[in-house]
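Undergrad: Sharing a structure here in structure tokens format.
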Amino acid sequence: MTSTQRIELPDGVRTNGASPNPWWANSVVYQIYPRSFQDTNGDGIGDLRGITQRLDYLARLGVDVIWLSPVYKSPQDDNGYDIADYQQIDPMFGTLDDMDALLAKAHRLGMKVVMDLVVNHTSDEHPWFQASRDKSDQHADWYWWRPAKPGHEPGTPGAEPNHWGSYFGGSAWQYDPKRGEYYLHQFSKKQPDLNWENPAVRHAVYDMMNWWMDRGIDGFRMDVITLISKHIGPNGEMEDGEIGPEGYSNVYWFCEDGPRLDEFLQEMHREVFDGRDGYMTVGEGTGIEGGPRDEHITDPANRELDMLFVFTHLDIDHGEGGKWTPKPMKLSDLKRTMASQQNAVAGRGWASIFLDNHDQPRVVSRWGDTSSDEMRVKSAKALALLAHLHRGTPYIYQGEELGMTNAGFTRLDQYRDLESINMYHQRVDEAKVESADDMMAGLAAQSRDNARTPMQWDASKYAGFTAEYAPTEPWIGVNPNHDVINAEAQMDDPNSVFAFYQRLIELRHTNPIVAAGDWTLLDPDDEQVYDFVRSLPVSTAAAAGDAAFHAAGSTADTANSIGGVAGFDTANSTVTGERGIEAENAAIAGLANLEAAEAPDTADAPDAADSKARRSLLVVVNCSSHSAHLPAQAAAALDGKVDPSRIVLSTTDPDDAAASLLLGKLSAWEGIVYEL
């Protein structure tokens, strides 16, 4: 399936508040990390021709948009997020002609292409920065330059303007002997922050963006875009903060969601996107926590961005030492943070839905179960269903659709990620706040390199990423489990993780409730089952075509139920196997009357009268490797009736899923979408 098979959502179905509804409201985005996707020239690094070669695979998966991590000319200090020339392709990835060929084929296949835009900072090798090192040059104030601390010799330890620490380790200030001052870099010392207060900087960025849009791309994913406006005093003061155990204060408070962010984003929209159609913009929303700011930035009336990546749900397993000291995830924390994000844009605006990306560990290793391949498959499907049934635009990171796992590295020399290597040395060797063993465990769990191992295409020596007899090994180690987890093994297997993602994508393309229905959390305190309801008014769902619904009759049509309790049509439906026999016996004995279960105040659960006026989907996901009782509010929503024909999607056989609902007991990592 390609994007041409998506239904068109009429204005009666409210998405982000715009009219007409945007095309991306029921689309699915696929992120490609180019250096790890497909190598075609044997140098061990993925390239643009490799992406073009694999576009048919993505069309078969069914995605609508491809997001490319940076392929611009770069010294590659941070794998391309340090850009030296925005209007050239780095030779390791190919040429502009290769980029044009990729765009042309993607568009022929019905897919759009979004490029990563990194404009909070550049490379220190960018001509703008090199010119800025001269105080007399017109670019002199294109970056954040500050003199040494009063009373200190420039360039000596302790002379930095303040104690801000870089996210990648060390000071956030780097001394430049040519200029005799320090420049700010929130990230690597080779990634100096641009000074967006300077209008010349902003318009140079807009000119570059227009150049790419005119070339045929379909929008931008904007890296750390909410850091471009800094909090500065009236005379340019940069306030220091509390110094932590590693010897630095947090630069975050100076840079996140600054006072001119809205102004800058609105200006960008006006200068680049006004008058254009068919594009998409999504910003990395560092410092935005799901609330009024999320709604404001993504409200189409404010003409800023279409969506934001909000990360609060991915911080819930960080311990006292941050991500390097992970702790077990509490499901109630995930519900709370996801609810905050969903509710923030319930009235206006739009959400980005994601669990994986190039900066995060693999979610099946992080929150799933990789103790066996069977459990890996089950948990990968369950987590996918959980994410993709939320309201918003889902993002799939390469290999997520296969259930790819963390890298399994055990030695520091296996890592390539600058952040991981720098933070190991800072925490272990310099500040001595963590032991080597504990830090290695932190890297194994949380390093960005977990997401960056080569895409697993087949079971050959290098997983099909590069030729088996290529002269150069892949730039980073291939996961040894590629002999089991690979695309070739899954594409024709109807029970594979890949096939399940195909069904999830199709559901979003064709089901208006999944695409745009209201979202209501159930059972917020249950620590095993994540459950919620999606719904639309009946008239609205019908206006949208309602093509995906396969259940006959209304929710009141249960005349053929067994014992009047579970909606099994004995003439047309069967529940097979042990679970089916058990369920039928339970129904006949009257043991499956779920209304009899002890239920809390269901004021927040769907009202019975309201559900008859709405088309509703109940989503239940057991997020554990043990069986789990159906929570009280989910049971109340079923109202004691279960009809197998109303199973819209499940991670198990539909008859088994119906039996689970009837019994009120979910098997390990079982997920079900049920039409109420």
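The values are calculated or read from the model by the stated rules, or taken from the named source; none is laboratory data. Fair warning: this is a prediction, and the values are worked out from it, not measured in the lab. No Cβ is skipped: glycine too gets one built from the backbone with ideal geometry, and neighbour counts run over all protein chains shown. The accessibility values were calculated without ligands, DNA or RNA, using every heavy atom of the protein model including side chains. Shrake-Rupley method; radii C 1.70, N 1.55, O 1.52, S 1.80 Å.
Undergrad: Can you give the log10 of the normalised intensity I(q)/I(0) at q = 0.12, 0.21, 0.22 Å⁻¹, computed with Debye over equal Cα scatterers of the range 1-111?
TA: For the requested q values the scattering log ratios are -0.50, -1.07, -1.13.
Undergrad: Still on this structure: What FRET efficiency comes out for the pair HIS152/ILE232, r = Cβ-Cβ distance, R0 = 22 Å, nearest 0.05? Please list the in-between numbers first.
TA: Details: r = 22 Å, r/R0 = 0.98.
For HIS152 and ILE232, the calculated efficiency is 0.55.
Undergrad: Roughly how big is the chain's charge dipole about its Cα centre, with Cβ charges of +1 (Lys, Arg) and -1 (Asp, Glu), in debye to the nearest 20?
TA: On the way: 56 positive and 104 negative charges, 153 e Å.
Using only the charged Cβ atoms, the result is roughly 740 debye.
Undergrad: For the chain, count the residues as N, evaluate 2.2 N^0.38 Å, and divide the Cα radius of gyration by that value, please.
TA: This ratio for the chain stands at 0.99.
Undergrad: Treat each spin label as a single point 7 Å out from the Cα along the C-beta direction, and report the ASP653 to ASP214 distance in nm.
TA: So the two model labels end up 6.1 nm from each other.
Undergrad: Based on the Cβ-Cβ distance of ASP134 and SER539, what FRET efficiency does E = 1/(1 + (r/R0)^6) give at R0 = 56 Å, to the nearest 0.05? Spell out each step's value before the answer.
TA: Numbers: r = 66 Å, r/R0 = 1.18.
Calculated transfer efficiency: 0.25.
Undergrad: Picking from LEU109, PRO127, ALA84, whose Cα lies most toward the positive end of the charge dipole for the range 50-146 (charges on Cβ: Lys, Arg +1; Asp, Glu -1)?
TA: LEU109
Undergrad: Let me ask something additional. What is the mean projected area of the alpha carbon convex hull for the range 20-59, to one decimal in square nanometres? Spell out each step's value before the answer.
TA: Numbers: hull surface 13.7 nm².
About 3.4 nm², averaged over all directions.
Undergrad: Using per-residue counts of other Cβ atoms within 10 Å, averaged over each peptide, order 238-250, 135-147 from highest down. Walk me through the intermediate numbers first.
TA: Numbers: 238-250: 15.0, 135-147: 16.7.
By packing density, highest mean first, the sequence is 135-147, 238-250.
Undergrad: Fully extended, how many nm does the chain gain between HIS425 and GLU488 (0.36 nm per residue separation, minus their Cα-Cα distance)?
TA: Numbers: separation 63, 0.36 × 63 = 22.68 nm, distance 3.94 nm.
Using 0.36 nm per residue and subtracting the Cα-Cα distance, I get 18.7 nm.
Undergrad: Over the range 37-101, consider all pairs of different Cα atoms and compute the Kirkwood hydrodynamic radius from their mean reciprocal separation; express it in Å, one decimal. Intermediate results must be reported in sequence, preceding the final value.
TA: Working: mean 1/r = 0.0801 Å⁻¹.
About 12.5 Å for the range 37-101.
Undergrad: Between ASN250, VAL514, TYR397, whose Cα lies farthest towards the positive end of the dipole of the chain when Lys and Arg beta carbons carry +1 and Asp and Glu beta carbons carry -1, centred on the Cα centre?
TA: Going by the Cα projections, it comes out as VAL514.
Undergrad: Considering only the chain, what is the antiparallel percent among its DSSP beta bridges, to the nearest 5?
TA: Details: 37 of 63 bridges.
Roughly 60 percent of the DSSP beta bridges within the chain come out antiparallel.
Undergrad: Convex hull over the Cα atoms of the range 325-392, averaged projected area in nm²? Show your work: numbers first, answer last.
TA: Numbers: hull surface 21.6 nm².
If you wrap the Cα atoms of the range 325-392 in a convex hull and average its projections, you get 5.4 nm².
Undergrad: So how much slack lies between SER332 and ASP207, counting 0.36 nm per residue of separation and subtracting their Cα-Cα distance, in nm?
TA: On the way: separation 125, 0.36 × 125 = 45.00 nm, distance 4.54 nm.
Full-extension gain reported as 40.5 nm.
Undergrad: Okay, moving on. Okay, which of the range 136-150 sit inside 19 Å, backbone N to the point 7 Å along the Cα-Cβ direction of GLU271?
TA: Label zone hits: 138-144.
Undergrad: Also, quick follow-up: Could you list log10 I(q)/I(0) for the range 464-525 at q = 0.15, 0.17 Å⁻¹, which the Debye formula gives when each Cα is one point scatterer?
TA: Values returned for q = 0.15, 0.17 Å⁻¹ are -0.73, -0.80.
Undergrad: Which distance in nm do the two modelled labels at ASP85 and SER372 give, with both placed 7 Å along the Cα-to-Cβ direction?
TA: Distance between label points: 5.5 nm.
Undergrad: Tally Lys/Arg at +1 and Asp/Glu at -1 over every other residue whose Cβ is under 13 Å from the Cβ of HIS358; what's the total? Let's see the in-between values first.
TA: Numbers: positive: ARG35, ARG221, ARG362, ARG416, ARG448, ARG452; negative: ASP78, ASP116, ASP223, GLU284, ASP356, ASP359, GLU400, ASP417, GLU419, ASP449.
Within the 13 Å Cβ shell, the charges total -4.
Undergrad: Ok, one more. With every protein chain kept in place and ligands, DNA and RNA left out, what is the accessible area per residue of the chain? Probe 1.4 Å, answer in Å². All intermediate terms of the calculation are to be shown ahead of the outcome.
TA: Numbers: 24780 Å² over 676 residues.
Spelled out: the 1.4 Å probe surface of the chain, per residue, equals 37 Å².
Undergrad: If you build the convex hull over the alpha carbons only and average its shadow over all orientations, what do you get for the range 89-155? Give it in nm² to one decimal. Working shown, then result.
TA: Details: hull surface 29.1 nm².
Taking a quarter of the hull surface, the average projection is 7.3 nm².
Undergrad: I would also like to ask the following. Can you tell me the Rg and the Dmax, both Å, for the Cα atoms in the range 341-435?
TA: Final numbers for Rg and Dmax: 17.1, 49 Å.
Undergrad: Give me the one-decimal Kirkwood hydrodynamic radius in Å for the range 217-257, with the sum taken over alpha-carbon pairs.
TA: On the way: mean 1/r = 0.0812 Å⁻¹.
So the Kirkwood estimate lands at 12.3 Å.
Undergrad: Spin-label point model (7 Å from Cα, Cβ direction): what's the ALA459 to GLU125 distance in nm?
TA: 4.1 nm
Undergrad: Next question, about the same structure. May I ask you to list the lysines whose Cα is less than 24 Å away from that of LYS641, ignoring any residue fewer than eight positions away on the same chain?
TA: Straight-line reach from LYS641, under 24 Å: LYS612, LYS665.
Undergrad: Also, I was wondering about something else. Can you give me the relative contact order of the chain as a percent, contacts being Cα pairs under 8 Å and 6 or more apart? Display every interim value, and only then the final one.
TA: Details: 1444 pairs, mean separation 85.8, N = 676.
Relative contact order, the chain: 13 percent.
Undergrad: Still on this structure: May I ask you to give the percent of accessible area on the range 1-128 that is carbon plus sulfur, with a probe radius of 1.4 Å?
TA: Values: 1830 of 3890 Å².
Heavy-atom surface of the range 1-128 belonging to carbon and sulfur, 1.4 Å probe: 47 percent.
Undergrad: Continuing with this model, one more query. Compute the distance from the alpha-carbon center of the range 353-375 to that of the range 225-240, in whole Å.
TA: Between the Cα centre of the range 353-375 and that of the range 225-240, the gap is 37 Å.
Undergrad: Related question: Given a 1.4 angstrom probe, I'd like the percentage of the accessible area of the range 165-289 that is carbon and sulfur, rounded to a whole number. Walk me through the intermediate numbers first.
TA: Details: 2100 of 4650 Å².
Here carbon and sulfur together make up 45 percent of the probe-accessible area.
Undergrad: Can you give me the Rg/Rh ratio for the range 432-540, using Cα atoms for both radii and the Kirkwood formula for Rh? The partial results should precede the final answer.
TA: Working: Rg = 20.9 Å, Rh = 18.3 Å.
Here Rg/Rh amounts to 1.14.
Undergrad: Continuing with this model, one more query. Taking the range 271-333 as the region of interest, what is the percent of Cα-Cα pairs per 5 angstrom bin, listed from the shortest bin to the one with the maximum distance?
TA: 4, 15, 20, 17, 14, 11, 8, 6, 4, 1
Undergrad: Sticking with this one: Would you mind calculating the relative contact order of the range 7-147 from Cα pairs under 8 angstrom and at least 6 residues apart, reporting the percent as a whole number?
TA: Values: 208 pairs, mean separation 26.7, N = 141.
19 percent.
Undergrad: Taking all protein chains in place and a 1.4 Å probe, what share, in percent, of the accessible surface of the range 611-676 do carbon and sulfur account for? Intermediate results must be reported in sequence, preceding the final value.
TA: On the way: 840 of 1740 Å².
Carbon and sulfur: 48 percent of the exposed surface of the range 611-676.
Undergrad: Working only with C-alpha atoms, what are the Rg and Dmax values of the range 150-269, expressed in angstrom?
TA: 16.3, 53
Undergrad: Still on this structure, please answer the following. At a temperature of 37 °C and a viscosity of 0.692 mPa s, determine how fast the range 73-228 diffuses translationally according to Stokes-Einstein, using the Kirkwood radius over alpha-carbon pairs as Rh; express D in µm²/s, rounded to the nearest whole number. Don't skip to the end; give the middle numbers.
TA: Details: Rh = 16.9 Å.
It diffuses with D of about 194 µm²/s by this estimate.
Undergrad: Write down Rg/Rh for the range 137-188, rounded to two decimals, with Rg from the C-alpha atoms and Rh from the Kirkwood relation over Cα pairs. List each step's numbers first, then the result.
TA: On the way: Rg = 10.9 Å, Rh = 11.3 Å.
Using only Cα positions, Rg/Rh for the range 137-188 is 0.96.
Undergrad: Subtracting the Cα-Cα distance from 0.36 nm times the residue separation, let me have the gained length for ALA613 to GLU320 in nm, one decimal. Please report the intermediate quantities before stating the final value.
TA: Details: separation 293, 0.36 × 293 = 105.48 nm, distance 4.76 nm.
Length gained between ALA613 and GLU320: 100.7 nm.
Undergrad: Sort all Cα-Cα distances of the range 143-220 into consecutive 10 angstrom bins from zero, then give the percent of pairs in each bin up to the one containing the longest distance.
TA: Percent of pairs per bin, in order: 19, 36, 25, 15, 5, 0.
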